[in-house]
Amino acid sequence: MSKRNILVLATGNRNKYEEIVKIMSLSEWDVKFLKDFPNISTPEETGTTYEENALIKAKFCSELLKFPSLSDDSGLEVDALEGRPGVYSSSYGGVEGDSERNIHRLLKDLEGIPWHKRTARFICCAMFVLPDGFFHCEKGIVEGHIAVEPYGDNGFGYDPVFVPLGYENTYAELLQEEKNKISHRALAFQKMAEFLKEFDYENCSIR
Ligand code: IMP
């Protein structure tokens, strides 16, 4: 067994990989990017919850590569829309990954709704999976409001319309480093880092 145990991050997104590695700063684990392994992509996210989708991704990766794997799945839940877009956040506007359309639909759906009823939360599920099927999930939740129009140029997705509780600015108006300290993803992976520091990986089935 190698001194530093290998952990594969089941994402094809290098920005996400770098962000998560920074958040976790794990000295005991050598965290690899999925794209460092040739010809492997992430499977289709067919789950109906964040946990299911995160498990699909990490399980696929760890079964195929025979290494422990980490993944995440997140979304935005808006109270006035009964929790939508939720797990379907990335395709809410009709085109997968098209943030402009997603924001456009969200703001249209919330037209005329006053600030105090524009409450929402970002949720992230971080998932750790071993090749033998063991899994562990940690969640990060950030409460906030949906702005009436987009503000800010940083970040991605719904960042220009999400104002975290206690702030006057949207995620997209915060510096990347600021957002990464308080985000739902940061909270979930900080908790996961704590879990992994305590984890008895000497008994993991690493090849
Ligand atoms: P994913 O599961 O992390 O890829 O997130 C699914 C979708 O949720 C993304 O396509 C975004 O639309 C939205 N989302 C997740 N995290 C964030 C965030 O930090 N800022 C803005 N949008 C996000």
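The values are calculated or read from the model by the stated rules, or taken from the named source; none is laboratory data. Remember, predicted model here, so these are calculated numbers, not experimental data. All Cβ positions, even for glycine, are placed from backbone atoms using ideal geometry, and neighbour counts span all protein chains on display. Heads up: the accessible areas ignore ligands, DNA and RNA and are worked out on the full protein's heavy atoms, side chains in. Shrake-Rupley method; radii C 1.70, N 1.55, O 1.52, S 1.80 Å.
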Legend entry - Residue-averaged [θ]222 nm for the chain, counting only DSSP H segments that reach four residues, each worth -39500 (n - 2.57): -9000 deg cm²/dmol
Inset, instruction - List the aspartates and glutamates whose Cα lies under 17 Å from the Cα of LYS197, skipping any in the same chain that are fewer than 8 positions away. - result: GLU28, ASP30, GLU138
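Take the eigenvalues of the Cα gyration tensor for the range 3-206, scale each by 5, and report the square roots as semi-axes in whole Å, largest first. Present the calculation step by step, with values, prior to reporting the outcome.
Numbers: eigenvalues 202, 60, 41 Å².
After scaling each eigenvalue by five and taking roots: 32, 17, 14 Å.
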Legend entry - the chain: most fluctuating residue of LEU26, LEU64, LEU55 per GNM, C-alpha cutoff 10 Å: LEU64
Inset, instruction - Read phi for every residue in the range 58-67 and hand back ³J(HN,Hα) as whole Hz from Karplus 6.51 cos²θ - 1.76 cosθ + 1.60, θ = phi - 60°, with x for Gly and Pro. - result: 5, 5, 3, 5, 6, 5, 6, 9, 6, 10
Inset, instruction - Might you report the magnitude of the Cβ-based charge dipole of the chain about its Cα centre, with Lys and Arg at +1 and Asp and Glu at -1, to the nearest 20 debye? - result: 400
Inset, instruction - Show which lysines lie in cross-link reach of LYS108 when reach means a straight Cα distance below 22 angstrom and same-chain residues fewer than eight apart are skipped. - result: LYS117
Legend entry - the chain - percent of accessible surface contributed by carbon and sulfur, probe 1.4 Å: 49
Legend entry - Amide H contacts of HIS145 (H built 1.01 Å from N, under 5 Å, at least 5 apart or other chain): ALA120, VAL163, LEU165
Inset, instruction - Choose one of VAL142, ASN154, ILE23: the residue whose Cα lies farthest towards the positive end of the charge dipole of the chain (beta-carbon charges +1 Lys, Arg; -1 Asp, Glu; about the Cα centre). - result: ILE23
Legend entry - Rounded to 10°, Cα long-axis angle of helix 99-109 versus longest principal axis of the chain: 50
Legend entry - Folded to 0 to 90 degrees: helix 14-24 orientation relative to the chain principal axis, Cα: 70
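Heavy-atom accessible area per residue, the range 3-206, 1.4 Å probe: how many Å²? Don't jump to the answer; show the numbers that get you there.
Details: 10330 Å² over 204 residues.
That works out to 51 Å² per residue.
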